[in-house]
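The values are calculated or read from the model by the stated rules, or taken from the named source; none is laboratory data. This is a predicted model, so every value here is computed, not measured. Methodologically, a virtual Cβ is constructed for each residue, glycine included, from the backbone with ideal geometry; neighbour enumeration extends over all protein chains shown. The protein model used for the area step is the full one, side chains on, heavy atoms only, and it has no ligands, DNA or RNA in it. Shrake-Rupley method; radii C 1.70, N 1.55, O 1.52, S 1.80 Å.
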Amino acid sequence: MEDLIVYEKIELHKPYLVMGFYGWPNAGEVATNTLLYLIKNLPAKIYAEINPEDFYILTTSEYARPQGAIEKGMLVAFDPPKSVIYYWKNEKGNDILLLLGREPDIRWKRYADTILDSLSKFGLKKVFTIGGEYALIPHTRDPRISVVVNNEKLKEELKELNIDFADYSGPTCIHTYLLLACKIRGIDCISLWGDAPNYIQMSNPKVSYFMLKTLIRLLGIEVSLEDIKREGENFEQQISKAIAQKPEAQEFLRKLEEAYDESKKANDSDRREIEELIKGVEDFLRQDGQDKIE
């Protein structure tokens, strides 16, 4: 079976490709919520799907297993991991391709080749990957958006935006391989990352809103963000309300805010102190239960 299953024949004008993945690079569900918002609000249509058979190990964890539903003894749904490609025709500029899927477990090269080789026929102009990472940041502050690029020219283009150029060394994800695969093909690739507070292990629409603000500017498109902006504001209020019920948690948050404001790039000694503060807030939320956040 072909790795790419095409559902509709289309013609596109020098499209931008935006990709977001469920799994490890999706802290705060920033990547998937960003893609889902664009798919719904452009709106985008399904173009193709990657055959999942050779890219996933389905028994590595509960999360990795296909989802099923049984009602009164009858199987009514079976949902294996997917990577679906959507498209949107832009009358004012570059068309948009959107890939939403689960990060592949294996054969990253073949997975990337399947995407880039098949979409290059449209004159693929630029590739964006969207990720979320947990960071030492209070939920009451504007989230940081950081970036990794695959050539120096892109750094010049991004200077005007309020984006941090990332420093990192450690385990990587499919985003890193896609940066490399695009560079080999001479395709510009920008990997955008939103910082989510690591004491809130749940979907974070506030970070997704700031990610979308940056992304739509880079894509040169117009999409109303009022819905997700409102979700983000409500989310922040709910988290603050939960923390306000515990004086010790309020104190942790106050110290975290002070440390963050004093130095957005803490040194090692500051980082150890902040980590202790965050552990306290995280323990509070875990013990008290996030079921209070409605």
The summed charge of the S208 Cβ neighbourhood (under 14 Å; Lys/Arg +1, Asp/Glu -1) stands at -3
Could you please state how large a percent of the accessible area of segment 108-198 is carbon and sulfur, counting protein chains only and using a 1.4 Å probe? 50
Which trypsin sites (Lys or Arg not before Pro) in segment 98-182 pass both tests, a DSSP loop state and at most 13 other beta-carbon atoms within 10 Å? K159
Using a 1.4 angstrom probe with every protein chain in place, what is the largest-first accessible-area order of M74, M19, M202? M74, M202, M19
If each part is reduced to its alpha-carbon centroid, segment 52-126 and segment 179-238 end up apart, in Å, by 19
Accessible carbon and sulfur surface of segment 218-265 relative to its total accessible area, %, 1.4 Å: 44
Using the Cα centre as the reference, give the magnitude of the dipole from point charges on the C-beta atoms of the chain (Lys, Arg: +1; Asp, Glu: -1; all else neutral), rounded to the nearest 20 debye. 820
Subtracting the Cα-Cα distance of V223 and A244 from 0.36 nm times their residue separation yields 4.1 nm
Mind checking the per residue accessible area of segment 174-264 for me, 1.4 Å probe, whole number of Å²? 47
Per residue, how many Å² of accessible area does segment 13-98 show with a 1.4 Å probe? 53
For segment 1-81, the accessible surface attributable to carbon and sulfur atoms (probe 1.4 angstrom, ligands and nucleic acids excluded) amounts in percent to 54
Given a cut-off of 21 Å, name the pairs among K40/K241; K45/K82; K82/K126 whose C-alpha atoms lie farther apart than that in the structure shown. K40/K241; K82/K126
